[in-house]
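First the structure, in the form of structure tokens, and then the observations on it.
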Amino acid sequence: MKLEGQLEEIIYQNETNSYTIAELATEEEIYTIVGYLPFINEGDFLSLEGKFVTHQDYGRQFKIDTFEKKMPESKEALEKYLASGIIKGIGPSTAKKIVDKFGEETIAVFKFEPTRLAEIKGISTQGAKEMAEEFNLKWDLWQIVGFLEKFGINASNSKKVYEALGEDAIDEIKKNPYVLVDITYGVDFFKIDKMALEIGIDINSYQRIGAGIRYGLILASYNGNTCVEKQNLYEFVKNKLSIEEKYIDEVMINLKMTGKIVEEKIDEKEWVFLEELYRVEKNIATRLYMMQKTQNIKHIKSFNSFLEKEESLLAIKLSPKQKEALKEVNNSNVTVITGGPGTRKNNHNKSTSRYISSKQI
């Protein structure tokens, strides 16, 4: 389903991922809309695709799947857009003067002849330039969103791309599409790869193979893996990129030398880590080891008696597994409770204790 209208009010927006709750005024009525909408402001004209859902607390809402920011097409719509306060220094009165003066040429004036805005009483030459710069910046940001959609990069990631690459994001991506692999989460590598090959990047280039290696490691991390067996990584890159193994060797050496990946031998097998994940895992292991080696000041000597008194006091009866978990916590500074989804780990129904030894660091 499609909705088109003007953004009347932003009720809530997450600063990190731009998840937004807002009100959209269409010709029929005002709707509550929810979804990822970076770089939008009250007064923007939006074309949305999605579906109506019913929230248990807030009622009927339009959930956004895809979206497009549209430039107002009529003089009335353009005046309303400018009057919304989206451009600093332009309020309802100034917006009316601008549209009355320039009519259908208003957008062209902002884009190509900004000093002409100073023809309006109350707007200085400097003010005209600043208004035009802000108008064009907001519009350029939106073009980035539309451009990234072609690579399956959703709106929640568009903001990250802009923050990383700035106003020249589109040009930077066209030069090296693989830069998106490192910036965004859940990116469609093969759409990026297709674009890169189309613009002339060589099939055996360092850029392409390096991105393929990092993509394989990132993909594994989505399943909770901080490393990949080296031979499996080679097979993945070789098959997905249709290249010979000798080219992978060259790039792997370069990635190790530049500190982007780490290789380590564990249990007679070679494993490959992304440097950032290796550093985090090593830091966690080090801290757990230090915690395990410190004095256990919380240890209760007559723990069974203590536990019986607490059960009586709280009028509860713990299961054998719960008691086992609590004993492990009492006896050790470090206890890791494990178990798959739905195993009630918070209630200690399924638990194991794992101790970190110096050999694991």
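For residue 193, indicate whether it is assigned to a loop (DSSP other than H, G, I, E, B), farther than 23 Å from residue 16 by Cα, assigned by TED's automatic domain parsing to the domain that holds residue 269 and acidic (Asp, Glu). Before the answer, list the steps.
Working: assigned to a loop (DSSP other than H, G, I, E, B): no; farther than 23 Å from residue 16 by Cα: yes; assigned by TED's automatic domain parsing to the domain that holds residue 269: yes; acidic (Asp, Glu): yes.
So residue 193 does not fit the description; no.
Residue 293 - would you say it is at pLDDT 90 or above and either of a type in the set (S, T, N, Q) or outside the structural domain of residue 218 (by TED's automatic domain parsing) (or both)?
On the way: at pLDDT 90 or above: no; either of a type in the set (S, T, N, Q) or outside the structural domain of residue 218 (by TED's automatic domain parsing) (or both): yes.
For residue 293, the condition - at pLDDT 90 or above and either of a type in the set (S, T, N, Q) or outside the structural domain of residue 218 (by TED's automatic domain parsing) (or both) - is not met.
Restrict the check to segment 7-20 and report whether at least one residue is assigned to a strand (DSSP E or B), free of Cβ contacts under 8 Å to residues at least 40 places away in the same chain and either within 15 Å of residue 65 (Cα to Cα) or in contact with a helix residue (DSSP H, G or I) (Cβ under 6 Å, 6 or more places away or on another chain) (or both). Full working, then the answer.
Of segment 7-20, the ones assigned to a strand (DSSP E or B) are 7-13, 19-20.
Those still in the list that are free of Cβ contacts under 8 Å to residues at least 40 places away in the same chain too: 7-13, 20.
If we keep only those that are either within 15 Å of residue 65 (Cα to Cα) or in contact with a helix residue (DSSP H, G or I) (Cβ under 6 Å, 6 or more places away or on another chain) (or both) as well, we get 20.
Yes.
For every residue, the table says whether it meets (1) of a type in the set (Phe, Trp, Tyr); (2) at positive phi; (3) at pLDDT below 90.
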{"site": "272", "(1), (2), (3)": "no, no, no"}
{"site": "278", "(1), (2), (3)": "yes, no, no"}
{"site": "287", "(1), (2), (3)": "no, no, no"}
{"site": "341", "(1), (2), (3)": "no, no, yes"}
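What number of residues within segment 39-78 satisfy the criterion of being charged (D, E, K, R) and closer than 22 Å to residue 140 by Cβ?
As a first pass, look at segment 39-78 and keep what is charged (D, E, K, R): 42, 44, 49, 51, 57, 60, 63, 65, 68-70, 73, 75-76.
Imposing the further condition that a residue be closer than 22 Å to residue 140 by Cβ reduces the set to 42, 44, 68-70, 73.
Total meeting the criteria: 6.
Out of segment 178-187, which residues are under 23 Å from residue 245 (Cα atoms) and outside any helix (DSSP H, G or I)?
Across segment 178-187, the qualifying residue is only 178.
Under 6 Å between Cβ atoms, which residue pairs at least 6 apart in sequence (or on different chains) link something in segment 93-116 that is within 17 Å of residue 80 (Cβ to Cβ) with a partner that is basic (Lys, Arg)?
99/75
Between 88, 96, which is part of a loop (DSSP other than H, G, I, E, B) and within 22 Å of residue 128 (Cβ to Cβ)? Before the answer, list the steps.
Numbers: 96 fails: part of a loop (DSSP other than H, G, I, E, B).
When all the criteria are applied, what remains is 88.
Consider segment 1-60. How many of its residues are surrounded by fewer than 16 Cβ atoms within 10 Å (Cβ to Cβ), hydroxyl-bearing (Ser, Thr, Tyr) and within 17 Å of residue 145 (Cβ to Cβ)?
2
Can we say residue 107 is β-branched (Val, Ile, Thr), under 27 Å from residue 67 (Cα atoms) and surrounded by fewer than 20 Cβ atoms within 10 Å (Cβ to Cβ)?
Values: β-branched (Val, Ile, Thr): yes; under 27 Å from residue 67 (Cα atoms): yes; surrounded by fewer than 20 Cβ atoms within 10 Å (Cβ to Cβ): yes.
Answer is yes for this residue.
For segment 13-30, which residues satisfy the criterion of being of a type outside the set (Val, Ile, Thr) and either more than 19 Å from residue 60 (Cβ to Cβ) or more than 18 Å from the chain's Cα centre (by Cα) (or both)?
Start the filter on segment 13-30 by keeping residues that are of a type outside the set (Val, Ile, Thr), which leaves 13-15, 17-19, 22-25, 27-29.
Across segment 13-30, the qualifying residues are 13, 14, 15, 17, 18, 22, 23, 24, 25, 27, 28, 29.
For every residue, the table says whether it meets (1) over 31 Å from the mean Cα position of the chain (by Cα); (2) part of a loop (DSSP other than H, G, I, E, B); (3) under 22 Å from residue 181 (Cα atoms).
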residue	(1), (2), (3)
256	no, no, yes
262	no, no, yes
271	no, no, yes
281	no, no, yes
287	no, no, no
292	yes, no, no
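Where residues in segment 253-290 are aliphatic (A, V, I, L, M) and without any contact (Cβ under 8 Å) to a residue 40 or more places away in the chain, which of them is surrounded by the most Cβ atoms within 10 Å (Cβ to Cβ)? Don't jump to the end; show me each part of the working.
Just the residues of segment 253-290 that are aliphatic (A, V, I, L, M), to begin with: 253, 255, 257, 261-262, 266, 272, 274, 277, 280, 284-285, 288, 290.
Subsequent filtering for residues that are without any contact (Cβ under 8 Å) to a residue 40 or more places away in the chain retains 253, 257, 262, 266, 284, 290.
Values: 253: 10, 257: 9, 262: 19, 266: 10, 284: 12, 290: 13.
Per the stated criteria, the residue is 262.
I'd like the residue in segment 214-233 that is in contact with a helix residue (DSSP H, G or I) (Cβ under 6 Å, 6 or more places away or on another chain) and under 19 Å from residue 269 (Cα atoms) and, out of all such residues, is surrounded by the fewest Cβ atoms within 10 Å (Cβ to Cβ).
Top of the filtered list is 226.
Here is a check on your reading of the model: is residue 246 of a type outside the set (A, V, I, L, M) and either assigned by TED's automatic domain parsing to the domain that holds residue 216 or at pLDDT 90 or above (or both)?
Numbers: of a type outside the set (A, V, I, L, M): yes; either assigned by TED's automatic domain parsing to the domain that holds residue 216 or at pLDDT 90 or above (or both): yes.
It is true that residue 246 is of a type outside the set (A, V, I, L, M) and either assigned by TED's automatic domain parsing to the domain that holds residue 216 or at pLDDT 90 or above (or both).
Exactly one of these conditions fails for residue 110: (1) part of a helix (DSSP H, G or I); (2) over 19 Å from residue 130 (Cα atoms). Give me its number.
If we test residue 110 against (1) part of a helix (DSSP H, G or I); (2) over 19 Å from residue 130 (Cα atoms), just (2) comes out false.
The values are calculated or read from the model by the stated rules, or taken from the named source; none is laboratory data. Remember, predicted model here, so these are calculated numbers, not experimental data. As a convention, Cβ positions derive from the backbone with ideal geometry for all residues, glycine included, and neighbour counts pool all protein chains shown.
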